[in-house]
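Values in this text are rule-based calculations from the coordinates and carry no lab data. Not measured: the values here are computed from a predicted model. Heads up, the Cβs are rebuilt from the backbone with ideal geometry, glycines too, and the neighbour counts pull from every protein chain shown.
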Amino acid sequence: MSGESRATSSSRTTLFPLVSHGTLQFSRCTQFPWSQDLPSIFPAGSGGFRILRLFSEVVWFV
């Protein structure tokens, strides 16, 4: 796929960062309700980060 066709592909969207309560989250829209299928990044007590989807049980530690 060429660079031009990638840029115009309907599967590509812009992500908007949200910073709240020490977390970094992303959304595909700029107004509520926020996207619920994208990961959020939370600081972990051990000095690392937890990456998770807010409405999912899957958690990654980095």
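So the values come out like this:
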| quantity | calculated |
| --- | --- |
| 5 angstrom amide H check on Ser35, placed H, neighbours 5+ away | Arg28, Cys29 |
| Interchain or long-range residues, amide H under 5 Å from Phe49's placed H | Ala44, Val62 |
| Cut-off 13 Å between beta-carbons: net charge of the residues surrounding Thr23, Lys and Arg +1, Asp and Glu -1 | +2 |
| Amide H contacts under 5 Å for Ser40, placed H, 5+ residues apart | Leu52, Arg53, Leu54 |
